[in-house]
Amino acid sequence: MARVTLLSADGCPNAPSVHTSLRSLAAELGFDLEHRRVASSAEAEHLGFPGSPTVLIDGRDPFRASAGTGLSCRLYATEDGLRGIPPRKELREALRAATDTSLRGSE
């Protein structure tokens, strides 16, 4: 089963929306979801945290940007320009691929 982690900084206005989407997708696709708060700049640096919110699928960021790390808001490139949440279609595709791979690995 795929392991999905939502990393967010306190006060991130976009984290609740992404968390809601991930809970819905977890029910649909069947993966474990953890929400972890990044509390300090030192922790952000240690994690390579590119900003809030960040979704990790089995420890990997499917939207990895070349930005630095830190306790800041993260922006995602979408068809409509830069947004504070990852495109739902791309998020679903990445999660579906991970859950499909996890299912094949358990057979």
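Just so you know, all these numbers are worked out from the coordinates, no wet-lab data involved. Source: prediction; values computed, not measured. For neighbour counting, all protein chains shown are included, and Cβ atoms are generated from backbone atoms with ideal geometry for every residue, glycine included.
For PHE63, PHE49, the sequence from fewest to most other C-beta atoms within 10 Å is PHE63, PHE49. Mean-square fluctuation check for the chain, GNM, Cα pairs under 10 Å: which of LEU22, LEU71, LEU82 is largest? Among LEU22, LEU71, LEU82, the largest mean-square fluctuation in the Gaussian network model of the chain belongs to LEU82. Placing unit charges on the Cβ atoms of the charged side chains and taking the dipole of the chain about its Cα centre, the candidate lying farthest along the positive direction among ALA26, ALA42, LEU56 is ALA26.
If you count the DSSP beta bridges with both ends in the chain, what percent of them are antiparallel, to the nearest 5? Bridges in the chain that DSSP calls antiparallel: roughly 50 percent.
Angle of helix 88-105 to the longest C-alpha principal axis of the chain, folded into 0 to 90 degrees and rounded to 10: 50°. Helix 15-29 and the longest principal axis of the C-alpha atoms of the chain enclose an angle of approximately 10°.
Under the rule of -39500 (n - 2.57) per DSSP H run of 4 or more residues, summed and divided by the residues of the chain, what mean residue ellipticity at 222 nm is obtained, to the nearest 500 deg cm²/dmol? Kindly include the intermediate steps, with their values, before the conclusion.
Values: 3 runs with 40 residues, N = 107.
The helix-only estimate for the chain comes to -12000 deg cm²/dmol at 222 nm.
With a cut-off of at most 15 other beta carbons within 10 Å, and DSSP calling the residue loop, which GluC sites (Glu not before Pro) in the range 1-97 qualify? Please list them. Let's see the in-between values first.
Working: sites: GLU28, GLU34, GLU43, GLU45, GLU79, GLU90, GLU93; in loops: GLU79.
The qualifying sites are GLU79.
Label positions at GLU34 and ARG64, each projected 7 Å from the Cα along the C-beta direction, are separated by 1.9 nm. Amide H to amide H, with H built 1.01 Å from N, ARG3 comes under 5 Å of ASP58, counting only residues 5 or more places away or on other chains.
GNM on the chain, alpha-carbon springs under 10 angstrom: the most fluctuating residue among PRO50, PRO62, PRO86 is PRO62. Residue separation of LYS89 and MET1 scaled by 0.36 nm, minus their Cα-Cα distance, works out to 29.6 nm of gained length. Counted over the chain with a bin width of 5 Å, the fraction of Cα pairs per bin, in whole percents, is 2, 13, 24, 25, 18, 11, 5, 1, 0.
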